[in-house]
Amino acid sequence: MLSFVSATLSLSSFELHLLTVELVGLLIFAGFLRFCGLGSKIERRKLDDPAVSTGWASAINNQELLFWGMAVVLEKKDAGDWVYRGEGAANIVLSYNGSSPAFVGKVLRIQKAPRNGSPRCESPRYGSDNEDNHSAELALTTDECLLWKEIEDLGSAPSREIAEQLYVQHIITPLLGSEHVDAGIRVHVSSEFLELVEKNVLCQRPSWRVDAAKVNPLCDYALLISDHSIFPQGNLKGKFSISVEIKPKCGFLPDSRFISEENAIKKRITRFKMHQSLKLHQREISDTSEYDPLDMLSGSKERVHKAITALFCTPQNNFRVFLNGSLIFGGLGGGADITSCMIGNAFEDVLKCVIQADDGLRTTNFLQLVTEAVSRSGLLDRLLEVQKLDIFDIEGAIHAYYDVVSQPCIACRDLGEDKLSGR
Ligand SMILES: O=P(O)(O)O[C@@H]1[C@@H](OP(=O)(O)O)[C@H](OP(=O)(O)O)[C@H](O)[C@H](OP(=O)(O)O)[C@H]1OP(=O)(O)O
Ligand SMILES: Nc1ncnc2c1ncn2[C@@H]1O[C@H](COP(=O)(O)OP(=O)(O)OP(=O)(O)O)[C@@H](O)[C@H]1O
């Protein structure tokens, strides 16, 4: 689950656009909401319909791309206009290369499905390939409906895609501020569109991502979101658009009374740091990162600078830089290991067109600038507050679950009070 948070800051010679802050540690329940009845009842329109290629402004409602009340559908012939931008574990993201006004300056976020045998395969979040189960598997579970029933429109979402979008709209946006969150709008996609897009981007995807997941063939919607690697008005003459993507991870140490004694280490060492050791052990990374999320979300400019410098040295999947929408630093669709001298020099070189400074100083100035932008925006302070709403920790979620379903807590019965530290 993620949302995009963006902040723009004018700083001396150019503008810096801060992109993508993931809400890690926020979700203690994987449950979503419901949205009343757009979707299947709406007539569909193709992109090359003459009526559709003009007058787009009136074609977008709040949640779904419509033209005069009719849903627009992306077809096989539209696939060539979309190019690979990147991906995470759950979605592939494409940027738009065509000329349709509704899509210029947008990215399309397409849901993936784990391949058989991959660890995520069992998740109810993804449908199965069995068409018969389609609607059942893509709907919310009874518990999820119960959990969200009190939130406007949300207990009866016809699909998880709609529910996830509404979750961002109704839960995340009020928490972080509408100026910082982009819930996107849904657009219909045909299965032929998805198939061709998948084929077109195959060679750019990291092979381990290809092995882990494919485009979810059961999805008939994708999410259209502003391209946060460029400014909305496009690249103004003589100006550059620099975007920095940061995945800060969880910025506090949990202190939940539900954390068991055997897991008490997580009260002292960040989840990020422990994951680094695991990833090293599993050879997913060649070296551990010096990055510390506690620095990044500390609110202290000095510590933010330390965090950003560490991210530059070991970007992994936590740090990327885009120039006019093209990746100039970090890993495309995955992680990037330690920054070698060669990569560092190449970056210093690319910065020539945006930062006027002596050789060797441009990267230093750039990292300082990112620090300024992060600190001044106040965004991470707000993010930390939201992360800290998780007062139970994952170990307490089970207790909260039994509260929600109004049943005696099985975990308490099985564990006995004495095994829960601090209770
Ligand atoms: O659990 P974590 O902290 O490893 O985070 C996962 C991320 O791994 P990371 O350690 O950042 O490489 C993971 O990132 P990658 O796919 O490794 O880039 C996802 O962000 C995953 O989110 P979701 O389950 O797809 O919504 C993240 O899972 P959730 O924390 O959202 O469950
Ligand atoms: N609105 C956007 N503008 C520009 N680039 C974007 C946008 N959304 C996503 N991207 C790029 O696509 C990548 C993958 O997107 P995203 O993080 O949404 O995938 P995900 O699968 O949901 O992530 P996770 O691994 O957290 O599940 C991002 O790392 C970013 O580089």
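Each value in this text was obtained by applying a stated rule to the coordinates, not by laboratory testing. Note that the structure is predicted; figures quoted are calculated from it, not measured. So basically every Cβ, Gly included, is an ideal-geometry build from the backbone, and we count neighbours across all protein chains shown.
The slack between ILE338 and LYS149, meaning 0.36 nm per residue of separation minus the straight C-alpha distance, is 63.4 nm.
Protection proxy ranking, highest mean first, for peptides 258-266, 105-113, 142-150: 105-113, 142-150, 258-266, where packing is the per-residue count of other beta-carbon atoms within 10 Å, averaged. Peptides 377-387, 290-300 ordered by packing proxy, namely the average of other Cβ atoms within 10 Å per residue, highest first: 290-300, 377-387.
Determine the dipole magnitude for the stretch 271-366: charges of +1 sit on the beta-carbon of Lys and Arg, -1 on that of Asp and Glu, nothing else is charged, the reference point is the Cα centre, and the result goes in debye to the nearest 20. Mind dumping the intermediate values first?
On the way: 10 positive and 11 negative charges, 71 e Å.
Magnitude of the dipole: close to 340 debye.
Just want to confirm a number: the relative contact order over the stretch 148-212, from Cα pairs under 8 angstrom separated by 6+ residues, in percent. All intermediate terms of the calculation are to be shown ahead of the outcome.
On the way: 20 pairs, mean separation 11.5, N = 65.
18 percent.
Sorting the segments 76-82, 197-203 by their mean number of nearby beta carbons within 10 angstrom, highest to lowest, gives 76-82, 197-203.
Might you report the magnitude of the Cβ-based charge dipole of the stretch 205-347 about its Cα centre, with Lys and Arg at +1 and Asp and Glu at -1, to the nearest 20 debye? Show your work: numbers first, answer last.
Numbers: 19 positive and 14 negative charges, 35 e Å.
Dipole magnitude for the stretch 205-347 comes out near 160 debye.
The stretch between SER100 and ILE410 holds 106.1 nm of extra length on full extension. This uses 0.36 nm per residue minus the Cα-Cα distance.
Since only PRO254, PHE272, LEU294 are under comparison, the one whose Cα sits farthest along the positive direction of the charge dipole of the stretch 194-307, derived from C-beta charges on Lys, Arg, Asp and Glu, is LEU294. Separation of the alpha carbons by more than 24 angstrom is noted, of LYS273/LYS306; LYS273/LYS388; LYS239/LYS352; LYS112/LYS149, for LYS112/LYS149. The stretch between THR364 and ILE398, if pulled fully straight at 0.36 nm per residue, gains 7.6 nm over its current Cα-Cα span. For the stretch 78-98, the residues whose backbone nitrogen is under 19 Å from a point 7 Å from the Cα of SER326, taken along Cα to Cβ, are 81-87, 94-98. Rounded, prolate or oblate for the stretch 268-310? Axes are the square roots of the Cα gyration tensor eigenvalues, ordered a ≥ b ≥ c, and the cut-off for rounded is a/c under 1.5. It comes out oblate by the Cα gyration axes. Any idea what log10 I(q)/I(0) is at q = 0.15, 0.17, 0.21, 0.22 Å⁻¹ for the stretch 247-331, Debye with uniform C-alpha scatterers and no solvent? Calculated log10 I(q)/I(0) at the listed q: -0.64, -0.78, -1.05, -1.10. Given R0 = 51 Å, the distance between the Cβ atoms of LYS352 and LYS267 translates into a calculated FRET efficiency of 0.65.
When only the Cβ of Lys, Arg, Asp and Glu is charged (+1, +1, -1, -1), the dipole of the stretch 153-263 relative to its Cα centre reaches about 440 debye. In order along the stretch 194-207, the phi-based Karplus estimate (6.51 cos²θ - 1.76 cosθ + 1.60, θ = phi - 60°) of 3J(HN,Hα) comes to 4, 4, 5, 4, 4, 5, 5, 9, 3, 6, 8, 7, x, 4 Hz; Gly and Pro are listed as x.
Count the net charge of all other residues whose Cβ sits under 11 Å from the Cβ of ASP337, scoring Lys and Arg as +1 and Asp and Glu as -1. Numbers along the way, then the final one.
Details: positive: none; negative: GLU284, ASP287.
Net charge in that neighbourhood comes out at -2.
In percent, rounded to a whole number, the relative contact order of the stretch 225-369 is 23, using alpha-carbon pairs under 8 Å and six or more apart.
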